[in-house]
């Protein structure tokens, strides 16, 4: 027996022990479940019944884990025997061992007999009201004999499943007097009469026997005898006894058990008068409790047609409730169906009596039915009650309104016109209501064809209030996207009610926001234009006005509409050039570009007094081909005052950036500040100065006063940025100021923003504060980065980390780097990595080069020393090659730790030194951990430095110096290793032969990987390090080396780890600690991949999957694939997919990178003790 078989055998034995089998069943299990012996099915007939419903949830979970264990390993025969054995012992209660939840038994049904399937399904659905309501469907069995035989294997201490099977069996069995010869077909063996009678008797006894259990407090013996006597002896024609009404008053009953028993009685109603009598009693009990649950269940359990067409009238004649109560139930539950029609036709007096208590919607239903079934009643209701119910309906439709409620009612009733509502629209639009019943009532008006004026006006009111939900969820009676047909219908209704075009267009804008993909939004806009083009004559002035005054989406739609008739709307289209919306301006550029005949207008616009128009003209002319308009563009360039437009014109003319920058530089900083503040832009900052607290003065660097609004100009620079970042103008203005005073000022601005709940639209404050806030703002920003994700503001934290990267100080970049490597919230972690890339881009270097620059020296000099001064005494701290701290007093004696300040020490100096020591220990731990990860990445990704870069990082930086002396380096030419060397503690370089080595200035330096070395060279380097007692700061020479096998060379998937089984938390933790990321989260929070990307290459590992927050389970690893980085779309509810054209064959992967990935996966799966056959285990999931 191999390890996998032994493990499975042990799991099975553990499960059998948990099941608490009887001694006989234990012996049977040992024989039947022994896979070394053929399966003896006769053994199953010798088992003793046991009730598995008593098992705890934990035991049930372990049973389900065992099923997953067998499934993943393809151990079908093993689990099949187990399932058959459990079904033989537990009958219906095997459900608690074999099924996870619900009543679907898909994976195990092949192991069960028809009777066992029915029994297990009955056990699964009988304890759930929804399951009972759909019992016939859930049982998936229509053969009465199978259902009756299944009753015999129901072993639950409560016989609910057994009684449900009995009821279902009788539902599918005709009464004995009607069965005839068909009984021989559905009851092979011809004993159908005996089995049916037996089942009926069981049902009768069960119903009467269960009666006491229905009550919360048991009735007296006399009361119980009265009710049992009624069940057993009453006729359907007998009036319901008043004595029983009195017994039921004030008695509490179990809704679940009552409806279950009543539903079963209803299914079997054709077989015994006792069943109808019980049903009558159950309905009375339900009514006494103020419920209609029994009638609700009867309507569903056998199917609505069965109730409505076959048994409704029979029940009506025997009901223990009044016809009024029954009709009210019918109106709520079956509306237009036969019971309502029958009541309208045969009992108009009942209709009249219930009118005062019904809703307007129910009245509409009655009116519609009366029109068909009882013309006289219809006329009576229309003339006498319609007005009352119109008022009632209107009151219901406006119940949520506060201000203007009377006006809304009057409008719906046709007493006032639509313009009377305009004063209340702001109030109504501010109401946050999603009233499904209100929308149902409006839809019912449309459906019933009654009172169409109220329907149209209700639709108009939904439009005015900008409630798009009615149109998307109820216009066609169900939720659907707004289509061209729907738009036509909506516009037709709104036009008939004279809803102004401005409100109709706003509604269209609301519809636009219900679409999420660009494709759907584009389709909707096209549909809108196609529908609204027919309104252009009546709407012309409104369209022109709204193209300038509407919200951005409305303006966009109006411009699209005007473009359909561009000559007619030429002036209107040209007037839109001043629009500020990015989306609208992009559309306008496309519109103008297509109108080359408007060239004179574009030339004139180039000289406009409005900068937006000049910018628009330049953009259009640039698309037409700027070379043909050099004269006009040059003239405009010379006159242009706006920096933004001037740069655009310079771009059109092909002028060098230095020329435009120089033109700006000529302006004084005070002049630039005044230019920035033109047009009342200071108003954007008014919220900052609302409090009385004065802001500190900010002087120039030379101590002279800065202009009063100079700092405000810096803030406006950031407030005006369309994409937040570092403002060049602001930085230029700040150059001349006292930096400490400016930092304090920015810190106060940041505090004010936090006090106003850090509004997203003012997030520019983050950048202003970070760029100009100095060192003091760094811990403040970082604290917010850590706090915001905890309160669902991950997006703001991500924005803050981008801002922090622009602070420029090494300690700020170090925190960003730390966040990029290890942060709980992925959104912020990703933003930190992006922020470093952005900061590097701004500096014109790579992200890796930026990371090199921000490695701190932690205060050490090039001799790896720093002094901590207490005043009368001082201490020298040395950074050792092992990256540990050693403390020496001023006499050279080594100390265990830096001593606490004493009485003779200078208090301020000693405290500062002590605090610095504590900070140093914390920082050293962080820096060492981060740099170890970076060096691991450099080794994996084959990072190379030129000699100057390498010396700056590894020779001059004391922390990295200590790393460098413990590692073996290589000199590379065109990516090929030329020589290996070691950097010595004395600053020299040594070869493997221990000869002195000169760093060649024209080669690149990188960490060697053992995969690159001959076996002799590798051994020699190991021996040298051992001789010098050097312990490497990271695994390098002893690193595992993994090479492609010949078989793998032609493959596109790495399958070495396929089938490995281990705990998901272990796999996830080890992968993410090595720089991998969790793949896209899909339906129900599941994810099925991990991935990493390094430069141009990425790798994705697939596994059996886990659910976020529930990962402490066993998972199976599948294969890994290499692909071109950046070609796989990832995100929430995105299915990670590597396209074939972007996938690498394993032989195409760099050998060093391949080895590193295999090493990482080896470490990540090290805890696995079992490997299943792959890909079979994947196919069996």
>> Please go through the stretch 822-862 and give me each residue that is touching a helix residue (DSSP H, G or I) at 6+ places or on another chain (Cβ under 9 Å) and without any contact (Cβ under 8 Å) to a residue 24 or more places away in the chain, ordered by number.
In response: 822, 823, 829, 833, 837, 840, 841, 843, 845, 846, 847
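One line per residue, one yes/no per condition, for (1) touching a residue at least 12 places away in the same chain (Cβ under 8 Å); (2) outside any loop (DSSP other than H, G, I, E, B); (3) more than 35 Å from the chain's Cα centre (by Cα); (4) surrounded by fewer than 18 Cβ atoms within 10 Å (Cβ to Cβ):
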{"position": "470", "(1), (2), (3), (4)": "yes, yes, no, no"}
{"position": "478", "(1), (2), (3), (4)": "no, no, no, yes"}
{"position": "481", "(1), (2), (3), (4)": "yes, no, no, yes"}
{"position": "491", "(1), (2), (3), (4)": "yes, yes, yes, no"}
{"position": "495", "(1), (2), (3), (4)": "yes, yes, yes, yes"}
{"position": "499", "(1), (2), (3), (4)": "yes, no, yes, no"}
{"position": "502", "(1), (2), (3), (4)": "yes, yes, yes, yes"}
{"position": "506", "(1), (2), (3), (4)": "yes, yes, no, no"}
{"position": "510", "(1), (2), (3), (4)": "yes, yes, no, no"}
> Would you call residue 40 more than 27 Å from residue 1170 (Cβ to Cβ), modelled with pLDDT of 90 or more and out of contact with any helix residue (DSSP H, G or I) (no Cβ under 9 Å at 6 or more places or on another chain)?
Replying inline: no
> For residue 401, which of the numbered conditions (1) closer than 27 Å to residue 528 by Cα; (2) touching a helix residue (DSSP H, G or I) at 6+ places or on another chain (Cβ under 8 Å); (3) assigned to a loop (DSSP other than H, G, I, E, B) fails to hold?
Replying inline: (1)
> Given the stretch 613-694, what helices (runs of 4 or more DSSP H) lie entirely inside it while holding 2 or more residues that are modelled with pLDDT under 85 and out of contact with any strand residue (DSSP E or B) (no Cβ under 9 Å at 6 or more places or on another chain)?
Replying inline: 643-653, 657-665
>> I'd like to know if the stretch 354-368 contains one or more residues that are surrounded by fewer than 18 Cβ atoms within 10 Å (Cβ to Cβ), over 46 Å from the mean Cα position of the chain (by Cα) and over 20 Å from residue 239 (Cβ atoms).
In response: yes
> Given the structure, is residue 724 touching a residue at least 40 places away in the same chain (Cβ under 8 Å), out of contact with any strand residue (DSSP E or B) (no Cβ under 7 Å at 6 or more places or on another chain), at negative phi and outside any helix (DSSP H, G or I)?
Replying inline: yes
> Considering only the stretch 720-738, how many residues are under 44 Å from the mean Cα position of the chain (by Cα) and either modelled with pLDDT of 95 or more or crowded, with 18+ Cβ neighbours inside 10 Å (or both)?
Replying inline: 7
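Conditions tested, residue by residue: (1) in a helix (DSSP H, G or I); (2) over 33 Å from the mean Cα position of the chain (by Cα).
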residue: 746; (1), (2): yes, yes
residue: 758; (1), (2): no, no
residue: 775; (1), (2): no, yes
residue: 780; (1), (2): yes, no
residue: 790; (1), (2): yes, no
residue: 796; (1), (2): yes, no
>> Considering only residues that are within 24 Å of the chain's Cα centre (by Cα) and under 25 Å from residue 1151 (Cα atoms), which ones fall in the stretch 1049-1067?
In response: 1067
> If only one of 268, 161 is at pLDDT 95 or above and in contact with a strand residue (DSSP E or B) (Cβ under 9 Å, 6 or more places away or on another chain), which one is it?
Replying inline: 161
> Would it be correct to say that residue 1037 is part of a loop (DSSP other than H, G, I, E, B), surrounded by 14 or more Cβ atoms within 10 Å (Cβ to Cβ), in contact with a strand residue (DSSP E or B) (Cβ under 7 Å, 6 or more places away or on another chain) and at pLDDT below 95?
Replying inline: no
> Filtering the stretch 67-122 down to residues that are in a helix (DSSP H, G or I) and without any contact (Cβ under 8 Å) to a residue 12 or more places away in the chain, which residue is surrounded by the most Cβ atoms within 10 Å (Cβ to Cβ)?
Replying inline: 109
>> So if I check each of 743, 760, which one is surrounded by fewer than 12 Cβ atoms within 10 Å (Cβ to Cβ) and in contact with a helix residue (DSSP H, G or I) (Cβ under 7 Å, 6 or more places away or on another chain)?
In response: 760
> Name the residues in the stretch 291-323 that are within 22 Å of residue 363 (Cα to Cα), over 48 Å from the mean Cα position of the chain (by Cα) and buried (at least 16 other Cβ atoms within 10 Å of the Cβ), would you?
Replying inline: 316, 321, 323
>> Within the stretch 233-314, considering only helices (runs of 4 or more DSSP H) that don't extend past its boundaries, which have at least 3 residues that are free of Cβ contacts under 8 Å to residues at least 40 places away in the same chain and within 19 Å of residue 209 (Cα to Cα)?
In response: 273-288
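The values are calculated or read from the model by the stated rules, or taken from the named source; none is laboratory data. All figures in this text were calculated on a predicted structure; none of them were measured in a lab. Cβ coordinates were reconstructed from backbone atoms using ideal geometry, including for glycine residues, and neighbour counts include every protein chain displayed.
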